[in-house]
Structures are given as C-alpha cells and as structure tokens.
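Taken together, the values in this text are just the output of simple stated rules run on the coordinates, not laboratory data. Everything quoted here is computed from the prediction, not taken from an experiment. Here Cβ is always computed from backbone atoms with ideal geometry, including for glycine, and neighbour counts include all displayed protein chains.
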Amino acid sequence: MMLVIIGGGPAGYVAAITAARFDREVVLIDQGLLGGTCLNEGCIPTKALLQSADMYEHVKSAGHFGIELPGKDPVIHWDAVQKRKRSVVKQLTDGVRYLMNKNKISVLNGKASFLSAHELLIDSEGKSEIIQAKQIIIATGSEPVALPFAPFDREWIIDSKDAMTLPSIPDSLCIIGGGVIGCEFASIFSRMGSKVVMVEQAAHILPEEDHDTANCLHDQLQKAGVEILTSSAVKQLDTTSKKVVVEKEHGERCEIQSDHCLVAIGRKPRLEELNLEQIGIEFDRNGICVNEHMQTNFPHIYACGDVTGGVQLAHAAFHEGTIAASHASGEDVKVNEQVIPRCIYTSPEIASVGLNEENARKQYGEIRIGKFAFSANGKALILNQPAGQVKVIVEPQYQEILGVSIIGPKATELIGQAAVMMHTELTADTLEQFIAAHPTLSEAIHEALLQTNGRAVHC
Amino acid sequence: MAVEVVMPKLGMSMKEGTVSVWNKEIGETVNKGESIASINSEKIEMEIESPAEGTILDIKVPEGEGVPPGTVICYIGEGNEQVEEKKEKDLPPKQKKERKKISPVARKIAQSANLDIHTLVGTGPDGRITKADVLQALPDEKEKQHNEPTKYQPVSMMRKTIASRMMESLQTSAQLTMTMKADVTKLTALQSQLNETASAQHDMKLTMTDFVAKAVILSLLEHPAMNSQYKNDRVETFEYVHLGIAAALDHGLAVPVIRHAEKLSLIALAKSIKSYGKKAREGRLLHDEIEGSTFTITNLGAYGVEHFTPILNPPEAGILGVGKADHMPVYHGNELCKGTILPLSLTFDHRVLDGTPASQFLSTVKAYLENPVSILL
C-alpha cells in the first residue's frame, strides 16, 4: 500500500529512502527541484558563498603568513562565485535524484493538496491527477516571513533566496533581523566588500544563543565593518528612495539607505496550498501539530521537518523524516531531539549543543562553567584565528554536561565532539583524563571541560 | 606455607555466602577447631572452625560482604610468614555478573538515589540505561516529600533468597488456590485427650499443625499426583513424602524439611516439627535440612488469618495453608451445635494436576481431620 510524501527536502527525501528500505511503495511529490530549501536556497548555497568569502579573506591575509602575491590585490568575480555555488548544488541535487531512482521511489512534479484523508490532488502545469494513499507524510518545509507592512518585491525588499542570486555584490545592504540567517549574510557580504547595516529588535544579536557567544560575534562583525543596531525596530520601508526607517532604543529615528533590504526575521511553515482545514488536520501558527512519532491528529498522516515548527534545522529534519517513515512502516520509534547541534556559519563560526547558560541556570539553578579562550590555543594562533572561546556548562551534582557553546575557528566541526559527549551522556569527570591531540583546536574543548573544576592547564 | 580458609559450599544451590562476624583479628593466634568467623548463606548461619593452629595472617573478606563459595576468606600461618596469594587462574572461575550498559550520567543519578541498576530497564541501544530511564524509575518529587524520610537498607541474604524464590514461583508455575473448611470439633477433643498422655510420656503437646501434617502425609500417599513436580515437560512423582514446614523467623522465614515423613508416627512427626522449628529460629538449620521437600505446610492460624493464598515453594506442586481454628455454630442434622472450624487453603500447580484431583486431595485431608481417629490408625 502506497506511502505518499509531500515535499522533497531533507525531511521528505530521507523519509522516502527510509520507507523504501522497508520495501514500501513510495511516491514523492515536489513542486521544484529535489533537496528543498537546504540544498537549493539554504544551507548548501550559503555555505558555498561563505567559502568564497573565506577564501578571499585568506588570500588577502597571505602577507601575514609571509606570502607575497604578485601584482594587484585579489578580486572577486561574482559570476564565477555563483557558478561554483551552482555546481556544488547541482552535484548534491543530482545525488538526491540518483538516490530516488536507486530506491525505486516515484517522483511526481506538482503541487499537492488534500481532497480527503486518503486522497491527494496533484496539480502539475494545468494537468491534475488524484492519487490514493494509505499513509501520507507532509514535509513541505518553511518559507521566509515578510514584514507585515512590506511584502517582498524581489528587487529591493528581498529574502535569503534572492540574496544568494543577486546580479552583483551590492555596495550596501541593510539586513533586518539579527538571527542566524541575518548574521550569516552579514558575514558573507561584509567580507566581500558591501557596507552592511544589521537591525535587530532584541537587545542582542542571536537572541537564542549564549550571550558570551553573541557578544563575541557582535565584536567580530563590527571589526569586519558591519554596523549593528540592536533594540531597534524597523518602522517603514520606502521602496522609491530605498530607505529603511528605524526607531532606535530611546525613540531616536534614523534612516538607512541601501541597495537592497534583506528581510530575515524568521521562517513560517508552508501550509497554504495543502488544504489542511478541509479534512481537519490540526495546526497552529508554529506549524502542523504532531506527537512523538510525528503523527498528526490523523494517525495515518505524518508531518516532519520545518512544517512542524520546532527546531528548523536540516539535520533535525533528517531525524524527523526517518522517525516518521519508520513509524509509518511499523517500527515503534519516537523522536529524540535532546541533543541537536546548532551551527552558525559566520566568521568566526559558532556552534552549540544543549542548553545555553541562561536556560541552564533557569532549569538547574546552580551550574558550573568552564571557559577556554582560543587566544591560549596554539593551533588557533597558527591559523591566525585567535578570536573566540569554548564554554562548557556542567551540572555540579553529577557533573552532567548540560551545554557546550563554541565560537571560533572550525567551531561547526568541533561541536561534533560535544554532541557525542552529550548524546552518550558522559560526565565532565569521566573526561578529565581524556587525551586531546596537540596541537589541535580540540584541546580547547578538553581545557574548558577541565576548567569546570578549575583544572585547566593553559589558563 | 599459610593455610587458606575458604567460604564453604553449604549446598548445591548456594551461590554466595557472607561473613557476618569475624571472631578473630589479623595477628591473633588460633587453635585448630576454634571458631574464627560466623558465616551466613541464604537460610543458614554457621561457624567456621580454624583448620590449623597458627596466626591469622590476612583477612580477605570484610564483614557483610558476600562472596561465592570457594573464595579465600582468610589465611592462617606462622606469625611472620608472607602470604602467597594464588594466581587468578588457580581460583575457581568467578561468577560473571551480568554487565549492564549504562551512561555515566545515568549511573551517577542511580547511585545517589540508591537505585539498583540491575532493576532498571534501559531504552537505549542494546538496552543501555539512559538518564531518562533512571529519572523514570525515581519516585517523583511529590511522592518523595510524602514519604520522607525514606530509609534504605541493604537486604539480608535471606530476604534476597525469599524474594527470588517467590518471584521464580509466580513466574514459572500455573498456580491457583482453592479453599475448604474442616470441622475439627472432634479433633480438638481428641487433641486435649491425647495431650494428657503426650505431656506425661513425652513432655510435649501435640499442635494442630502436627495433626494437619499427619493428615496431609496420609492424603499425599493416597493422591500421589499432589506429591510431584513439573520438570522439563515431565511430571516427577515421589513415593516418599519430604514434608516442608514453614517457620516464621524474626526477619524472614525458613522451611525445614522432614525427610521421609511417611515413616513417622504422629508423636515422632510432632517431635520432628518441634525440633526443626527451634533450629530454624536459632538459625542452626543445615543446608540439607532445607532442601528437597515435596510438599509444604504453612500455618498462619496463630496470627488470626483464615483463608489465604500461599505461594508454591518451587519445585513443589502443592502447598497447604492452615488458618485459625475458630468456634462457630454448626448444624448437625437440624440441630445447631458449637463446632470448631479450620480453614484450609490449597495452592497447587495446574501444570501438574487439574482442579478435580486437587479438590479430591483436599477433601481427603478434610476427611482425615474430621474423623481424627483414622489419623491415629
């Protein structure tokens, strides 16, 4: 009996492969290219652009390492940057398509909407088709939220997807929203030469992250020339004069003129065309409501990934897609999202797992904190990237590791170690005699762990 | 060469013994045959006598620690002798404890809450116990506040044995209980009559248990199906009766076994029951004296209990629970008289026999008790 999956992003395609491996007959419906936001307009292309920005910065700093470049300063060819980005994306989307074929998953191109609890209408370029399904997994993902008073015009008011395909590197860019997406774009464009202003309503950029970490990034972005306005509200977007009107902390108003205005204030579940109300699938403003098996209020209809709200990260979606498809195929499994690493690809990188300091204090009261600065780590100095630190939060009674937050070189790779420690529930004292290789960035994690007991060596 | 003193094996099923008291310290001299320690295992407490004359050189097992039989507990030798411990390979193979997978966080939480991790069910990969599993096993905060202060104490070897035997019984047999009432009016009259002679000649009194035991033995010989056990898809039936008599102790119970009870006269049986009961209360029962019973009697009459549901003493197929004999109005024809009624509760293993033969057995017991002269003949 057929399992129909709506959406071919990280949640949907992983669910499709998982179900196919349970010998299910699987149909995957997608409106665009497989791979969803992650592959086509999110994780992958942004990181490709960031790599170009990184490389540009590296080359510019060659003199610091004793290497003189012949001739002029390095120049960014935006078209070539875009081309490289597209080739990475293509290789990955082709890979997903290959996996669909290999696992004998039928892929239908079109828009799906519910006719009844077991029937879907598929609309594809004017042609429509009705398919019957025994079970359905909704994985339609999310899309950027627009400002209520200023819809996207795709020219001046743009979203993250538009920002990745701009015709040229803008001279100036105003970013509304100091969250993960806003900070990543600030990091890309400021280093490629744009004058970037970032406006955040909260008192800190990255309000979800540890304050130490956010403050450190704040300083580093400012060093890279980004102007950051916190506790500031956007009042008006004037399309004709290309001006953003902002009210700052004490009611003071200012105007920011820029080539583009990137609105990055969050993402919302993509629900509109599904016709959920018609059959009574429950949802709220965060997304479709699901239980621990990713089932909606209809036990044969599942939802996973960004469309359910929660943690909007591709690797959370992979997990949820696997759980939904396994459960739909008769496995007794439930979602476990206690340890999901969070990565922010700025310069320097940020990565964290578990609780931040504020939430740890709220939940556990007394906590112990160990910090270690990369400025005291040999490898970070060799890399010429001494900014940042590792911070470990430990609960004092059992020495359970509650959270790890890293800002600094290769933070997004280092966090894997912390995720393993927390996933396997290691305690700080079991890691006291742990041996980290020298000289590596990983030593900073060990030192921060030791520092929770005041025992760091190089501190 | 120092002499080893090992934990003795007090019976086939003995897995662990504990040194309850050391009578000697390191450096003290002992004579051959002198008691050096008390040990206990399951239901038995016994003294260990020194196998040689000399000085206690080293004590390897502290008081209260359980070790498998064969483990060296101390060395005796010349005063200044060096103890050469046998290498690992020379020792009897250690019993492998089942290894439980548990996360470090979970282990610490379990330890501080005094939770035995062997009682926890792990939901992680390959049964690994996670923090969530331990938290679930902890009594919740509210409950804790109600019950505070909760006292935890390690259980005795006897308690462990009772716990595992009772669980084994309930989990491995198909047991159920049926009840009857026996009119023992005539029996109580006979009892007081006989007790005059018994007191005079044997310096003892016959108890209700003694009569019930005799009735049970006679009934078992008539209904051998009740005197059997279910083992490896076969029913093993015994021609003899090794009768277990449950005896309450201060902190547990013991079931001494009267071997070949079918050969004993009423008075011999009564003497046997009395002396084993005393031994049990004094903790002097030997291992052979608590093994091999084919049927058990348990009497809660002294505590006012009427009918109850005894748990089979594995591998037996039956256990008879005796309640409190009470005076009650009884009809004899149309006439209402004062009678004495004894509640009987028979638990039997339905794998071995069905309801009809079991009730026939119980009826026979009842008949013997109601016509007590037949017991004597």
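Side notes on the structure shown:
- Averaged over peptide A:417-429, the number of partner chain Cβ atoms lying within 10 Å of each residue's Cβ comes to 3.
- Inter-chain shielding of B:104-112 (mean C-beta neighbours from other protein chains, 10 Å cut-off): 5
- Tilt relative to chain B, helix B:208-222 - C-alpha long axis, 0 to 90 degrees, to 10: 80 degrees
- Shielding by partners, peptide A:394-400 (average Cβ within 10 angstrom, other chains): 3
- Net charge in the neighbourhood of A:Thr452 (other residues with Cβ under 13 Å of its Cβ; Lys, Arg +1, Asp, Glu -1) is -3.
- Summarising the amide proton neighbourhood of A:Arg267: residues at separation of 5 or more, or on other chains, whose placed amide H is nearer than 5 Å comprise A:Val145.
- Applied to the stretch A:254-265, the Karplus parametrisation 6.51 cos²θ - 1.76 cosθ + 1.60 on θ = phi - 60° returns per-residue 3J(HN,Hα) values of 9, 10, 10, 9, 7, 5, 9, 10, 8, 9, 10, 9 Hz, with x for Gly and Pro.
- Reachable lysines, given that their alpha-carbon falls under 22 Å from the alpha-carbon of A:Lys104 and they are not under 8 places away in the same chain: A:Lys90, A:Lys134
- Residues whose placed amide H lies under 5 Å from that of B:Cys74, excluding near-sequence neighbours: B:Val5, B:Lys60
- Theoretical gain in end-to-end length, B:Asp58 to B:His260 [0.36 nm per residue, Cα-Cα removed]: 68.3 nm
- Each label was represented as a point 7 Å from its Cα along the Cα-to-Cβ direction; for B:Met167 and A:Arg285 these points are 5.3 nm apart.
- Taken as Cα centroids, the stretch A:396-426 and the stretch B:338-353 sit 64 Å apart, rounded to the nearest whole angstrom.
- Debye equation applied to the C-alpha atoms of the stretch B:160-376, log10 I(q)/I(0) at 0.07, 0.08, 0.11, 0.12 Å⁻¹: -0.21, -0.27, -0.52, -0.62
- Angle of helix B:157-172 to the longest C-alpha principal axis of chain B, folded into 0 to 90 degrees and rounded to 10: 60°.
- Distance distribution note for the stretch B:193-270: the fraction of Cα pairs above 15 angstrom is 64%.
- Reducing the stretch A:217-243 and the stretch A:41-114 to their Cα centroids gives an inter-centroid distance of 27 Å.
- Burial ranking of peptide ranges A:76-88, A:398-410, B:218-230, A:47-59 (average Cβ count within 10 Å, highest at the top): A:398-410, B:218-230, A:47-59, A:76-88
- Charge tally in the Cβ shell below 12 Å around A:Met164, where Lys, Arg are +1 and Asp, Glu are -1, A:Met164 excluded: 0
- Low-density loop positions, GluC sites (Glu not before Pro), the stretch A:260-298 - DSSP coil, at most 16 other Cβ in 10 Å: A:Glu282, A:Glu292
- Between A:Ala233 and A:His250, full extension at 0.36 nm per residue minus the direct alpha carbon distance yields a gain of 5.0 nm.
- Chain A - share of DSSP beta bridges that are antiparallel (%, nearest 5): 60 percent
- In terms of surrounding Cβ atoms within a 10 Å radius of their Cβ, A:Tyr345, B:Tyr331 rank from fewest to most as B:Tyr331, A:Tyr345.
- Placing a label point 7 Å from the Cα of B:Arg234 along the Cα-to-Cβ direction, none of the residues of the stretch B:159-181 has a backbone N under 13 Å of that point.
- A Förster radius of 22 Å combined with the Cβ-Cβ distance from A:Glu143 to A:Val420 puts the calculated FRET efficiency at roughly 0.10.
- HN-Hα J in Hz across the stretch A:15-25 - Karplus 6.51, -1.76, 1.60, θ = phi - 60°, x for Gly and Pro: 4, 4, 5, 4, 5, 4, 6, 8, 6, 8, 7
- Cα convex hull volume per residue for chain A (Å³): 175 Å³
- Put in line by how crowded their Cβ is, counting other Cβ atoms within 10 Å and starting with the fewest, B:Arg107, A:Arg21, B:Arg99, A:Arg97 read B:Arg99, A:Arg21, A:Arg97, B:Arg107.
- Here the stretch B:247-299 is treated as an ellipsoid with the same Cα gyration tensor; its semi-axes, largest first and in whole Å, are 18, 12, 10.
- In the protein assembly as shown, the DSSP-assigned H stretches of four residues or longer account for a calculated mean residue ellipticity at 222 nm of -9500 deg cm²/dmol, using -39500 (n - 2.57) per stretch and the full residue count as denominator.
- Nearest 10 degrees, 0 to 90: helix B:355-370 Cα axis against chain B principal axis: 70 degrees
- In units of the compact-protein estimate 2.2 N^0.38 Å, the stretch A:303-459 shows a Cα radius of gyration of 1.12.
- Projected area averaged over orientations for the stretch A:157-265, convex hull of C-alpha atoms, nm²: 6.3 nm²
- Computed from the C-alpha gyration tensor, the three semi-axes of the ellipsoid equivalent to the stretch B:3-90 are 21, 15, 10 Å, from longest to shortest.
- For B:Leu376 and B:Thr356, the FRET efficiency from 1/(1 + (r/R0)^6), where r spans their Cβ atoms and R0 equals 25 Å, is about 0.30.
- HN-Hα J in Hz across the stretch A:184-192 - Karplus 6.51, -1.76, 1.60, θ = phi - 60°, x for Gly and Pro: 5, 5, 4, 5, 5, 6, 5, 7, 8
- Gyration tensor over alpha-carbon atoms, the protein assembly as shown, equivalent ellipsoid semi-axes in Å: 79, 38, 23
- Estimated FRET transfer efficiency (B:Asp183, B:Val155; beta-carbon r; R0 45 Å; 0.05): 0.60
- Diffusion coefficient, µm² s⁻¹, Stokes-Einstein with Kirkwood Rh over alpha-carbon pairs of chain B at 37 °C and 0.692 mPa s: 135 µm²/s
- For the stretch A:1-42, the Kirkwood hydrodynamic radius comes to 10.3 Å, computed from all pairs of different C-alpha atoms.
- Here A:His438, B:His242 are placed in order of increasing Cβ neighbour count within 10 Å, fewest first, which gives A:His438, B:His242.
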